[in-house]
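Remarks on the structure that follows.
The values are calculated or read from the model by the stated rules, or taken from the named source; none is laboratory data. Just so you know, these numbers come straight off a predicted model, no measurement behind them. No Cβ is skipped: glycine too gets one built from the backbone with ideal geometry, and neighbour counts run over all protein chains shown.
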């Protein structure tokens, strides 16, 4: 029982009290119900893996996006986390492929470039199909550091490297914009 | 007394009750104090005017920015309101001139292009010193409409016209970005 409580406590948002409550609940269900839950956990963990190409969550060796011949296979959008893919997909404007780094460079949290999934990005570029890499890491300190690192790494390979636009969000009044964003917004102005 | 209450009620954030409270307060002060306040209002209103060139608030015919020979007189940053100048100045990155429209085009609020201070912008451009006009209206519907209107008006004059960057604000995680901003951010990506 205490082993189960300990395991449950590792779940996000589950404290010692909730863990105990959940454990008692599982004690009360039928043996079949408990087994069904345990099996579902094991089955999920067994079927989910990372796409060999882009590191997105996948149920087979390739994720549905990499496997889709209708996507534009000449463009790769580089993201920090798998859930960022959804953010870009929702715009219905990007039809290329992705590459998930599973993190960003952070000296503070001791995350180095070699801790990110950069190796298979280089392998994809060596395959020669890619014309543009869009660096879509967040404009946070860590995301910017990661983007700068990748530019230096990728430019010598002769591929076009671009950075998503940093600036004033749609719908915002200039009045409420911080200095750093206003500065980037002027710096990144586009000729019309 | 009721005329004073009516006048005070026109001030922003002053309701009927505050107006009455202020009026009673002014009734209690000495005649000299009341006159000093009245004179200060008149003096302020008399000394403040709009810069003939850029429509910024000025105490003479030209505002301090237009009158400064050290500013870059070949670039004009177009803004909606005088207080937006401060936002851009705080970046310490822009050293050109400004042009304040005093509003933005809004069919809903019945504000038409002819209601904005566009005429003296055209006069400034005709003087021939300007090389670039940066449209820095907010990325709101009204600000975008105004920017689109100005591009069509200014491009034929042969001047370089640019738009400030719309995108993800500095420090934001991709996760919290709305679709419209993400879309502009991809659209407005910059080659590195």
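Within the range A:100-114, the set of residues being closer than 15 Å to residue A:153 by Cβ and more than 14 Å from chain B (Cβ to nearest Cβ) comprises A:105, A:112, A:113, A:114. Among the residues of the range A:31-57, write down those that are farther than 27 Å from residue A:124 by Cα and in contact (Cβ under 8 Å) with a residue 12 or more places away in the chain. None; the set is empty. Within the range B:1-50, the set of residues being in a loop (DSSP other than H, G, I, E, B), at pLDDT 80 or above and loosely packed, with under 10 Cβ neighbours inside 10 Å comprises B:10, B:13, B:30. I'd like to check something: does the range B:134-141 contain any residue that is in a loop (DSSP other than H, G, I, E, B), closer than 30 Å to residue A:131 by Cβ and within 11 Å of another protein chain (Cβ to nearest Cβ)? Yes, the range B:134-141 contains a residue that is in a loop (DSSP other than H, G, I, E, B), closer than 30 Å to residue A:131 by Cβ and within 11 Å of another protein chain (Cβ to nearest Cβ).
For the range B:51-84, the candidate set comprises residues that are closer than 17 Å to residue B:132 by Cα, buried (at least 16 other Cβ atoms within 10 Å of the Cβ) and within 14 Å of chain A (Cβ to nearest Cβ); within that set, the residue that is nearest to the chain's Cα centre (by Cα) is B:79. Confirm whether residue B:183 is out of contact with any strand residue (DSSP E or B) (no Cβ under 6 Å at 6 or more places or on another chain) and surrounded by 14 or more Cβ atoms within 10 Å (Cβ to Cβ). For residue B:183, the condition - out of contact with any strand residue (DSSP E or B) (no Cβ under 6 Å at 6 or more places or on another chain) and surrounded by 14 or more Cβ atoms within 10 Å (Cβ to Cβ) - is met. Taken over the range A:83-98, the residue count meeting the criterion of being in contact with a helix residue (DSSP H, G or I) (Cβ under 9 Å, 6 or more places away or on another chain), more than 19 Å from residue B:173 (Cβ to Cβ) and modelled with pLDDT of 95 or more is 1.
Being out of contact with any helix residue (DSSP H, G or I) (no Cβ under 6 Å at 6 or more places or on another chain), more than 21 Å from residue B:186 (Cα to Cα) and not in a helix (DSSP H, G or I): is that true of residue A:54 here? It is false that residue A:54 is out of contact with any helix residue (DSSP H, G or I) (no Cβ under 6 Å at 6 or more places or on another chain), more than 21 Å from residue B:186 (Cα to Cα) and not in a helix (DSSP H, G or I). Among the residues of the range B:147-184, those identified as part of a helix (DSSP H, G or I), within 7 Å of chain A (Cβ to nearest Cβ) and either under 28 Å from residue B:100 (Cβ atoms) or touching a helix residue (DSSP H, G or I) at 6+ places or on another chain (Cβ under 7 Å) (or both) are B:151, B:174, B:175, B:180, B:181, B:182, B:184.
Is it the case, given these coordinates, that residue A:127 is crowded, with 20+ Cβ neighbours inside 10 Å and either more than 7 Å from chain B (Cβ to nearest Cβ) or in contact with a strand residue (DSSP E or B) (Cβ under 8 Å, 6 or more places away or on another chain) (or both)? Taking the combined requirement at face value, the residue does not satisfy it. Would you check if residue A:101 is outside the structural domain of residue A:163 (by TED's automatic domain parsing) and either touching a helix residue (DSSP H, G or I) at 6+ places or on another chain (Cβ under 8 Å) or surrounded by 15 or more Cβ atoms within 10 Å (Cβ to Cβ) (or both)? Judged against the criteria, residue A:101 is not a match. When you scan the range A:63-81, do you find a residue that is within 22 Å of residue A:165 (Cα to Cα) and in a loop (DSSP other than H, G, I, E, B), even just one? The answer is yes, given that some residue of the range A:63-81 is within 22 Å of residue A:165 (Cα to Cα) and in a loop (DSSP other than H, G, I, E, B).
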